[in-house]
Structure formats: C-alpha cells, structure tokens
Amino acid sequence: MGTEKLWALLRPNSIAVVGASRDPSKIGSRILRNILSSGFQGVVYAVNPNASEVLGVRCYSSVLDVPGVIDLAVVAVPARFVPQVIEECGRKGVKAVAVISSGFKEVGNIELEKEVVEIAKKHGIRLLGPNIVGVWDTRTPVNYSFIDANPLPGSVAFISQSGALMTSLLWWTRERGIGFSCLISIGNRADVGEADLLALLREDPRTRVVAIYIEGLGVGEGRRFLDEAFETSTVKPVIVLKAGRSEAAVEAIRSHTGSLAGSDEVYEAALKQARALRAASLRELFNWALALALSPEPGEGTAVILTHGGGAGVIATDALSGMGVPLAPLPQDLQERLRKFMPPFGSTRNPVDLTGMMTAESLRGSLVEVLRDPRVGAVLVWAGQGAIPTPEELGEAVISAVGEAGLAKPLIVSITGGGECREVLKKLIQAGVPSYESPEDAASALAAVYRYYRCRRERKGEPARVEGDRARAEEIIGRARAEERVLLTPVESFEVARAYGIPVVEYAFAPNLEAAAEAAQVIGYPVALAVETPDVAHKTEVGGIALDIRSEEELRAAYAKVMEAFAKRVPKAKVFGVSVRKMMPRGFEVFVGARRDPVFGPVISFGWGGVMVELVRDFSLRVAPLTQGDIEDMIEETKAGKVLKGYRGPPLDVEAVKKVVASVASLVEDFEEISSIDVNPIFVYEKGVVAVDVKVYLKA
Ligand code: COA
C-alpha cells in the first residue's frame, strides 16, 4: 500500500467537515472553526443537511453536492450515520477520511466499525479513527481536531492511541518549548495504524523523530509494525511508550480502544528488533524526543560533563556511565586550555568542575573549548540556580557559546532551580539546545541519543533460514492432524526436529518390550525409556520415563514399571509403545522454544534450560523471521549466553546453538499448524549439541 492517499491526512488541499453545525458548541463546528483559524490555505467545505452556511463557509447537504474535489473528509456525526457518510465519500472520490465519532469498537460496536472499514476499503479510502480527537500538522498548517489550541512547530511527530493524552501533552510540551511536525490521534485504528504512519512519516523531511504512544496492536499486525519501525529507524529515531505492563493496565486497555495489549515481554523484544527506543514514561518519551530532534550524531571520543557542582557531576557521571555513554579523562592539552576558566581547586578531568567560582564568562569560555574540540563526542552541562550567575545569565552564556562554536555534536543542558529556570530552559530549547530541569533527565536524554545512533549503525544481518525437509515434517504433522491430535508423540517430535536439522539424541521406537530390548542393544547402554503417547506432554510427572538403564535386565524391569505407573496415573491415555533413547553425558542445558503470539506471530525464545526453566527465568525472545543478528542478540542477552561463551569453563559450541534457534524459527514459520515447540533440554558441549527432549504442539 502506497502512502499517496495517506498524505491527504496531513497535507490536504481541500477538506470537508461533515457534521459542522450552526450550533457553535458542537464538535463539528469546533473542528471547522479550528481549521479556519489554524491558517489552513486550502479549500474548506461544510456538510450538513440542516444549514446553508456555517461560520461563513458554504454548507452542502452531502459531500456528493460539493462542487470541487475533496481530499479529506472529517466526520463528526453520530456513529450510526457514519457508514452512509463514508459511502458518499467513496462515491465522491475522497482520498481519506478522519472519523472523530465515538461509539464503535471501544464500546463493543464491532460490527458497525467493520462495516465502516469495509465501505472505506471498497472505495479505496484511507480511514483514520474512529474515536479520535483529530490531527495537527504544523507545516500545512492545519488543525482538524476539536481542541482550539495548536502545538509549537517543530520536528517531532507524535502518534497516539489516546486522544485525551495527546491533548494534555499539547499544553505540557508547549510550556516546555517542545515543537511538533504533527500530532496524529489514531483512536481505534480501524484502518490507518502505526505501521502506515511510520511509512508516511519516514518520507516526511519535516519529521526528525517519531514518538508513539501504544496501548496495543491488532491481531496479526505486529510484524508489519516491526518492519516499518525498523525501516524508519534507519533514517530517524522511533521512540515508543507501550502501556500495559501490568495485568490491571491490560484490562483497562481492553475497555479503552479495544486493542490487544499482548504480552509485554513480546513487545519488549519486538521493539528491540525494530531498533525502536522504548520509553518507560511520558516524560521519557518527550525528553528523548526533544534531544533526538535537536541533536546531531555524537562524535568519536568521550562525552564531557561540564558543571560547577561536584554533586551534580557525580549524579550525571553515574547516570551516563550506567547507560553506556563513553566517559574518559580529557586529553592533556584540552585540560590545560580549560584550566584558565577555573580556580586552582577546580577540576579539568571529566567531569569538568568549574566550582562555585563559575561565572557566565567561564562557563561560556569552557563550553566553547569542548564544543570545538574534535576529541569530544558530546557535552552535558549542568548548572544550578545560585545568586551569581542568574539562570538568565547561564542561559545566555550557553546560547552565546553555541553561537560561537556551533552545534556539530550533541549538547544537552540541565539547569536546576526555581520557576525562573523554566523560561530559560524554554529559550535554550528554542535556540536548538535540548534542556531539562533535572540532571538525571539530561543524562537519560543524552544516553538515548547515543543509543539511537549506536543501534542505527547495527546492520540487520543475514536472514537465519534453515531449509528443512519440509515433506517429511508435513507427513508427520499431517498424520497427527488427521487424527485430530494436538500433540506429537516424542518420536514424531524428534523426527520433525531432525527434519529441520536439529541434532537429537539417538532414539528408536519400540512397540513392545522385545523390540525395546533389541533397540537398546543397537543403541548401546545406558539408555532411557519414555512412553510413546500422543496424550501426555510431561511424562516424568506421571512416571512415564525411566533414566539411566544400564542392562537388559534393568530395561525389562523399567519397562514394566513405566507401563504400570502410566496406566495407573493416566488410564485414558493412548500408548503406542516406548521410545528408547541413548543416555547422553550431561552438557550445559539450554532451551529453544517457539509459540504464536496473536499480535506478532511466531515468537522464538532461548534461555537457560533444564527442569528449572520457570524458576531460573533466564531467557530472551525475538519475533520470527529472525536474522543472524537477532539470534546473536538473543544469546548475548542471557546469562546462559555468558556460560556458552566460557564462564569458569571452556567456551561451548555457540554456533551449534544458533543453528538450533534458526531451525526452530524456520519450523514454526513453515508450519502454521504448529502452535508451539519446546526443545528442552539441549545439552551443549564444547563440540556439538544434542536435543534430549522435543515437544511439538499443534493448533486445536
Ligand atoms: N451528514 C451531515 N451532517 C449530518 C449528518 C450527515 N449524514 N447526520 C447528522 N448530521 C448533522 C446533524 O444534523 C447535526 O447538525 P445540526 O446541529 O445542524 O442538527 C450535526 O451533524 C452533528 O450531529 P449531532 O447529532 O448533533 O451530534 P453531536 O454533534 O452532538 O455529536 C459526535 C456528534 C460525533 C461529536 C458525537 O457523536 C461523538 O462521537 N462524540 C465523541 C467524540 C470523541 O470524543 N472522540 C474521541 C476523542 S479521543
């Protein structure tokens, strides 16, 4: 889907407001008034059968009566009338509609929402909403929301599933001097969603940062969102605030926009894969957006903290070093040049401490030095309000230094103090310097700038595909499906795993005791026995497994024992016989798994394996398809990964583990019928791996 029609949402040449009324208090009229007062240069029509003119704008009974072309229809009529309005928009050739009206999916009117989307699709109209507050674009400019205030112009685009949040932030950001290219309320996101807008805003030269507030994505939408966010983050940062970490929040989201909140861990993984920055709060979202909108890429070399207070220097140092920002002592010659701006008891190392004797002039002079020095990658200035210099003088000193030295590297400023500081911070922001009240906010913003540019450089890597023996896996899965099973037997699971190149323990199926004894002879003792059943996944718990059998005698006894225990504990379970498996020497245990997430599709997990996975909880997730880079990151993120690389022992066969991850991912991608896979444990040796147990679950 191209972006041509979507542009009508931000840069329309003509707008019809459907539901504009002579009653000035009605939402349609407020929207019309806001369009007219926002400086919109295009043509505006009003549509309402009960009026001939609203606010001096010619009014038509229907969009079909409008003589000219309509790029965008803004619809503010009660929900039940919306289908007819969209139908008429379709016949009129309208490119996009923004449906302000509430009363759809968010209150359970799912069918009505579906109907509206189908009509729009039939006519090739892009539909924003329903249930939105509207849109602001500061370039066009236009405000077709029902809020009569405009954001400051700037280069942050903000997309929000919550209209009320967007509106309150409009004032909050205006107070702080944060400017926007556009604000887009997407409400129920019945047609146009975050992924479409990412594709659009990627092309928008006015937008330098895309900030998104997400409650949840729709079923099956995750992968496209991830891909669009990935593409976008190669050219501009994408920052996401994803609400719904707690169960209670997930419930609240369901009743708000009817979105699927989904597992937070999966979102976390997907956002990493997309190279999006995940903010933990609204404050972080806008603090980071501001810094990224105004800052160039950090240069090589150390970041410098410039301050006049030891305490703040320590706080900033702690914060920055904990967030991966490089901090090193300054080169000797630079230290010498800085020396003249401070008393003998000042510090020229890093943090540079100008001490309580700092003047506006010494701040200015030292800032010019570090801004100019190519061995400094970024600068963080912290100053506290005192008697001399005043906050105004501090602000002027920074602006003057920037005027002289330019801004070829990130410069982040924090001035902490009373209400007077607020105005100074705003002035600094307007001069292009991201500025904050607290040193922690400043540090976190600078760290976000570093993080973005660091992960932008990371390449996506080769796709990690394994071409398995599809026919073989299909045969096994097809047979189980025909028998309406939801679980493959152990032997079937091994076969499927093997078909995709996963090294599994040597095994044989035995329908009876004699066959088992023969198989054990061939495989060689010691062996393990497991009841071959399609009905029970966890066989240890019901006595269906015997380990470390060392002779035929032991085997015969074990066989009788597992069969008896199994029959007693799960009398209804089908039993085909047993599988005989070679007892493998214990290796370091990891697991690889896959399951299907309703939003993102196949999600692959890797972690510390064995019987205590739930207790240990050392794992990482990624959304398939995976790249080699994804797999490396997955392993890197876990403690198990550190053991694999050689923790108090020799390095283990990481490459073989990576292959298993790729195989499991390819398997679930290839077979929609598989609902989940557990390969646990996998013994990892210095050379090679072997999967000791595999469980494949099918969709019901
Ligand atoms: N074409 C054109 N105009 C139509 C129409 C149609 N098919 N059907 C009705 N209208 C007119 C009405 O006659 C009325 O004009 P009038 O005052 O001249 O009679 C006007 O459209 C508005 O309709 P009305 O029935 O008065 O509704 P309203 O203005 O009170 O409310 C909404 C309409 C859309 C604002 C309301 O239903 C709603 O959804 N509000 C919530 C919006 C919201 O909060 N969004 C989410 C924010 S996060």
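Can you say whether residue 553 is surrounded by fewer than 18 Cβ atoms within 10 Å (Cβ to Cβ), more than 48 Å from the chain's Cα centre (by Cα) and of a type in the set (D, E, K, R), as far as the supplied structure shows? Yes: the conditions hold for residue 553. Residues satisfying the criterion are present in the stretch 164-171 (criterion: within 30 Å of the chain's Cα centre (by Cα) and of a type in the set (Val, Ile, Thr)).
Of all residues in the stretch 397-420, count the ones that are open to solvent by less than 50 Å² (accessible area, probe 1.4 Å) and over 17 Å from residue 176 (Cβ atoms).
9
Name the helices (runs of 4 or more DSSP H) wholly within the stretch 614-700 that hold at least 1 residues that are acidic (Asp, Glu) and buried (at least 22 other Cβ atoms within 10 Å of the Cβ)?
Answer list for the stretch 614-700: 628-636.
In the set (1) assigned to a loop (DSSP other than H, G, I, E, B); (2) within 21 Å of residue 161 (Cα to Cα); (3) within 14 Å of the ligand (Cβ to nearest atom); (4) open to solvent by less than 50 Å² (accessible area, probe 1.4 Å), residue 31 fails one condition alone, (1).
Which residue out of 38, 14, 25, 52 is more than 9 Å from the ligand (Cβ to nearest atom), loosely packed, with under 13 Cβ neighbours inside 10 Å and of a type in the set (S, T, N, Q)? Break it down stepwise before answering.
Numbers: 38 fails: loosely packed, with under 13 Cβ neighbours inside 10 Å; 14 fails: loosely packed, with under 13 Cβ neighbours inside 10 Å; 25 fails: more than 9 Å from the ligand (Cβ to nearest atom).
Checking each option against the conditions leaves just 52.
The set of residues in the stretch 428-471 being aromatic (Phe, Trp, Tyr) and more than 29 Å from residue 623 (Cα to Cα) consists of 436 alone.
Of all residue pairs spaced 6 or more apart or on separate chains, those with beta-carbon atoms under 6 Å, a first member in the stretch 119-136 that is within 17 Å of residue 88 (Cβ to Cβ) and a second member that is among the hydroxyl-bearing types (Ser, Thr, Tyr) are 130/101. Take residue 544 and tell me if it is under 48 Å from the mean Cα position of the chain (by Cα), small (Gly, Ala, Ser) and modelled with pLDDT under 95. Against the criterion (under 48 Å from the mean Cα position of the chain (by Cα), small (Gly, Ala, Ser) and modelled with pLDDT under 95), residue 544 qualifies.
When you look at residue 6, is it open to solvent by less than 20 Å² (accessible area, probe 1.4 Å), farther than 19 Å from residue 147 by Cα, within 34 Å of the chain's Cα centre (by Cα) and touching a residue at least 60 places away in the same chain (Cβ under 8 Å), yes or no? So residue 6 fits the description; yes. Considered as a group, the residues in the stretch 55-64 that are more than 12 Å from the ligand (Cβ to nearest atom) and not basic (Lys, Arg) include one that is surrounded by the fewest Cβ atoms within 10 Å (Cβ to Cβ), and that residue is 56.
Would you confirm, using the coordinates I've provided, whether residue 4 is in a loop (DSSP other than H, G, I, E, B) and charged (D, E, K, R)?
Yes.
Among the residues making up the stretch 150-168, those that are under 13 Å from residue 136 (Cα atoms) and outside any strand (DSSP E or B) are 150, 151, 163, 166, 167. Scanning the stretch 141-152 for residues that are near the ligand (Cβ under 10 Å from one of its atoms) and in contact with a helix residue (DSSP H, G or I) (Cβ under 6 Å, 6 or more places away or on another chain) yields 146, 147. When the criteria are applied in full, residue 666 fails the requirement of being closer than 18 Å to residue 493 by Cβ and out of contact with any Lys or Arg (no Cβ under 7 Å at 6 or more places or on another chain).
What about residue 400, is it out of contact with any helix residue (DSSP H, G or I) (no Cβ under 7 Å at 6 or more places or on another chain) and among the hydroxyl-bearing types (Ser, Thr, Tyr)? Criteria not met by residue 400.
Looking only at residues of the stretch 155-168 that are of a type in the set (Gly, Ala, Ser) and open to solvent by 20 Å² or more (accessible area, probe 1.4 Å), we find that the one that is nearest to the ligand (Cβ to nearest atom) is 164.
The values are calculated or read from the model by the stated rules, or taken from the named source; none is laboratory data. Here the structure is a predicted model, which is why all the values come from computation and not from measurement. Backbone-built Cβ (ideal geometry, glycine too); neighbour counts: all protein chains shown. Areas reflect the complete protein model, heavy atoms only, side chains present, ligands, DNA and RNA absent. Shrake-Rupley method; radii C 1.70, N 1.55, O 1.52, S 1.80 Å.
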